[in-house]
Every structure is written in C-alpha cells, then in structure tokens.
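Written below as structure tokens is the structure these notes are about.
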Amino acid sequence: MDARYAHSTAVPRLAGVRLVFAGTPEPALPSLRRLIDSPRHEVIAVLTRPDAASGRRGRPSPSPVARLAVEHDIPLLRPARPNAEDFVAELTELAPECCAVVAYGALLSERLLAVPKHGWVNLHFSLLPAWRGAAPVQAAIAAGDTVTGATTFQIVVSLDSGPVYGVVTETIQPTDTAGDLLERLSISGGALLETTLDGIADGSLDLVPQPSDGTTVAPKITVEQARVRWDLPAHVVERRIRAVTPNPGAWTLIGDLRVKLGPVTVLTDPPETLPSGVIRVDRDGVRVGTGSQPVLLGRIQPPGRKAMAAAEWARGARLDESVTAQ
C-alpha cells in the first residue's frame, strides 16, 4: 500500500471485519476470492446485480460474482433496486461492519452507505482522481497514458470522489488491450483491497481526501463509440481499438459488411500512403489508411463467424479495390 495514503499506528491488531461483498463482472472475482480465503475477514453475503440476458437466446444468466458465491455457499443478495427501503432494511438486519465493492454496477444512496459502521470501500481501477466513472481502464489506454493503477477509497454519494485509503500502480504496456490491463489490475487491486480491510480492522489507516485538481471522467463506452474513425491519426486509431478490446469491441463497415477488429499495427515505413478508410490487400496483409500513416489489420471477425487473421479473411472476401472501411 502506498505510504502516501496509509501509515501504521500503535493500535493493537484486531480480528477481521464481517463484510458484504458487492460486485458483478469477472474483474471482481480476484478480490472476492481473496476475501473468501482470508484468514481474517468473513464474507457474510454477496451483493450482485440481478441475472441478465446473455448468449444468442438471451436467457437470464447469473453474474460471474453470483456463480462464485454459490460455489462457496455464500448467501446472495440480488435486489433490482438496491436503494429501496426493503433492501436497506435487509442489509441493516445483516449488520455488516463494512461493505467491499468492486464493479457492482449501481449508484448507492446515502441511507445505504450509512448502514455499515466502516462504510463502503470501493476498489476502482485508476489512480483517482484520474478517470472517475465506469470505464477507467479503457479511458487510460485511449488517452495514451503510460501509468495507471487501482485505488481503494470510501464511497460517498458523489461519483468516485471519496477519500482514499491506498493505491497501487501499474505500467501500461504498448500492446495492452483493456482486457489485458484489467486482468492485471484486478489481481493487484484484489491484494490492495484485502490490505485495506486489514488496515480498517486494525484501525491503522488514515483516509486522505482526493486532490482537487487532475480530475478526469471515464463514462461507459457505447457500441457506437467503439466504431473506428479512420480519419483520426494512426496512433489514435491504434490506441482506441486496444481500449475497446475485448468489450464492446472495435468495429467498422467494409462495404456493407459490419466486422469486428482486433488490435492493429501502425506502419512506420509503409509502402504507400493511403487516404483514410482505403483498403489495400497484398501478400504482407491488409492495410487501411488513416488520418496519417496506414495501419496493418490484425484479426477480423465477420458476422456470425469466429475471428481470423485479416489476410485469411481478405483472401476469401475477394475485396473490390473500390471498397473502403467506414
């Protein structure tokens, strides 16, 4: 834990805390596993979003966090409206000492936040106050940041603005997709969350207000926003594609065909310049023009098919030279 945000005191070491864990998607799993396995803390219940439609048939499916809780026989809480009176009463009856949150997916009311005596501790995948909001990892990659991290902080009503318990940092690699980076942060962040709860139990942590400057916002990325804009410079195109890989997934229209794209390579010494969106296929692969130099496509996923190498797809597609990416 970063020494800027936490320090030890002479308070005797306490037992752990009785906690409710709130989370929904896969990046929350490393944290939940650590807390289930913790010799100190007791996960008395798991709060997650209601079952959501998934797959081609759209059948309701439990969240990854719900499935892990069931595997460990931990009681599940899946309120449709977590701020409703009946759920506030239910949580009050459980009497958790703290609630730990990792990507739960709902805003919490002041009444709900007041239930546990140690409040709600959120693990957020950025170095706050940078990239508050739903898509901090995606935003950091798209912006070209070279360093990011994870932060534990006390939740307040205002979005991601509560005082900080601790941070860990993580270098963003040049080829990182959002999936790659989030996987690493979910592991290091899980360790940070457990250490934070240890410090809360010990009474050995101080909360530090977030700086008033340096605030940036990272709202959820829509499918439409994941469409590739070929008129942008190549390095921006490349970063934006990595930022939305694997979800929601970069896409473009090639002719009238909508295809998903994997990460691309910026060509520093291309054989020719190409106008934005213009496609060239040769034995070296599939190049597409951008607002600067061309990029080399990596993998393409046509509708209803598995992803494949762009060159393999292009051989079967037999593209006319007039066809462009839009």
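The values are calculated or read from the model by the stated rules, or taken from the named source; none is laboratory data. Quick caveat, the model's predicted, so the values are computed rather than measured. Positions of Cβ are backbone-derived with ideal geometry, glycine not excepted, and every protein chain shown enters the neighbour counts. Just so you know, the surface numbers come from the protein's heavy atoms only, side chains and all, with ligands and any DNA or RNA stripped out. Shrake-Rupley method; radii C 1.70, N 1.55, O 1.52, S 1.80 Å.
Give me the aspartates and glutamates in straight-line cross-link reach of Lys260: C-alpha distance below 16 Å, same-chain residues under 8 apart excluded.
Partners found: Glu224, Glu238, Glu312.
So with the 1.4 Å probe, I'd like the accessible area per residue for the chain, rounded to whole Å².
Accessible area per residue: 50 Å².
Beyond 37 Å, what share of the Cα-Cα pairs of the chain remains, rounded to the nearest whole percent?
28 percent
Sum up the charges of everything whose Cβ sits under 13 Å from the Cβ of Lys306, counting Lys and Arg as +1 and Asp and Glu as -1, but leave Lys306 out.
Taking every Cβ under 13 Å from that of Lys306, the sum is +2.
Using a 1.4 Å probe on the protein heavy atoms, what percent of the accessible area of the chain belongs to carbon and sulfur?
52 percent
Run the numbers on region 127-267 and let me know its relative contact order in percent, using alpha-carbon pairs under 8 Å that are six or more apart.
30 percent
What value, in deg cm²/dmol to 500, does the helix sum -39500 (n - 2.57) over DSSP H runs of n ≥ 4 give at 222 nm once divided by the residues of the chain?
-7500 deg cm²/dmol
Under the definition of Cα pairs under 8 Å and six or more residues apart, what whole-number percent is the relative contact order of the chain?
This gives 15 percent for the chain.
Please sort by residue number the trypsin sites (Lys or Arg not before Pro) in region 124-232 whose DSSP state is loop and whose Cβ has at most 11 other Cβ atoms within 10 Å.
For trypsin sites (Lys or Arg not before Pro) across region 124-232 that sit outside H, G, I, E and B with at most 11 neighbouring Cβ atoms in 10 Å, the list reads Lys220.
Which order do peptides 300-310, 188-198, 137-147 fall in by mean Cβ count within 10 Å, highest first?
For the peptides 300-310, 188-198, 137-147, the packing ranking is 188-198, 137-147, 300-310.
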